Amino acid sequence: MIPRYLPMVLVSAGLQACAPLPEQPADTVPPATEQAAPELTLNLPQQSAPAPCNCEVQEDVAARDQTFLERGYDALSQGDHIEAVKYFQRYQRLESSPEAEWEAGIGIAFVSMVSSSPFLDPEASRKSWRRLNKELTPEMKVHPTSLIMRDALESFAMMDRHISELESNNSMLQEDLQKREEALKRLRELTLGQRGARQ
């Protein structure tokens, strides 16, 4: 059990600790010695100012490092279909590997499927896609963009096939509708002719 007077003792001790010390006579105070604080030195490595960035040079280097295939992709992304096909064809001529042949073929087939392309030929694109799809083997290391183009061509081919089927069905329905209209017209003429004969 804590005695009741303990908190009061602690408070008075705290107050005494904060009280100022009594003044000492001048002869007992040690003389103040002024010492200069030592200067701090840090051993940090000297940093030189960063060299100014020459971004135009870096862009030129990046452009020079691109293959004709990648330039074809860039031209295609900017809507320049003619230039894209030229780059794909150059890539096909200069690189002598099955991968390069396949990548360039997919690029050209893709351009042939784009609706705004002057080379638009969905049927030829579908044929190229089917042939190239059979030629691709798991061992071939091809550009990832070419694989995306291949998948997009598959979707285009399916959509184009559905559109052809719908157009075919539509033309058949129009023919059926025309035959029905002609049959109704003949039926009306027969009905009106019989009424006229009765009168």
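The values are calculated or read from the model by the stated rules, or taken from the named source; none is laboratory data. Just so you know, these numbers come straight off a predicted model, no measurement behind them. Every residue, glycine among them, receives a Cβ derived from its backbone with ideal geometry; neighbour counts consider all protein chains shown. Remember, those area values only see protein heavy atoms, side chains included, never the ligands or the DNA or RNA. Shrake-Rupley method; radii C 1.70, N 1.55, O 1.52, S 1.80 Å.
Here the accessible area of segment 79-199 is 54 percent carbon and sulfur, with a 1.4 angstrom probe and all protein chains present.
Please go through segment 95-199 and write out the GluC sites (Glu not before Pro) that DSSP classes as loop and that have at most 11 other C-beta atoms within 10 Å. Each step should come with its number before you reach the end.
Values: sites: E95, E99, E101, E103, E123, E135, E139, E154, E165, E167, E175, E181, E182, E189; in loops: E95, E139.
Counting only loop positions with at most 11 other Cβ atoms within 10 Å, the GluC sites (Glu not before Pro) in segment 95-199 are E139.
Legend: calculated FRET efficiency, K134 to M172, from the Cβ-Cβ distance at R0 = 35 Å, rounded to 0.05, equals 0.60.
Got the relative contact order for segment 66-182 handy, in percent, Cα pairs under 8 Å and 6 or more residues apart?
Details: 100 pairs, mean separation 22.8, N = 117.
After rounding, I find 19 percent.
Listed by chain and number, the lysines placed with their C-alpha closer than 27 angstrom to that of K86 are K127, K134, K141; residues fewer than eight positions away on the same chain are left out.
Annotation: amide H-H contacts under 5 Å for T67 (H modelled 1.01 Å from N, sequence separation of 5 or more, or interchain): none.
Can you give the accessible area per residue of segment 66-182, in Å², using a 1.4 Å probe? Walk me through the numbers on the way to the answer.
Details: 7380 Å² over 117 residues.
Computed with neighbouring chains in place, this is 63 Å² per residue.
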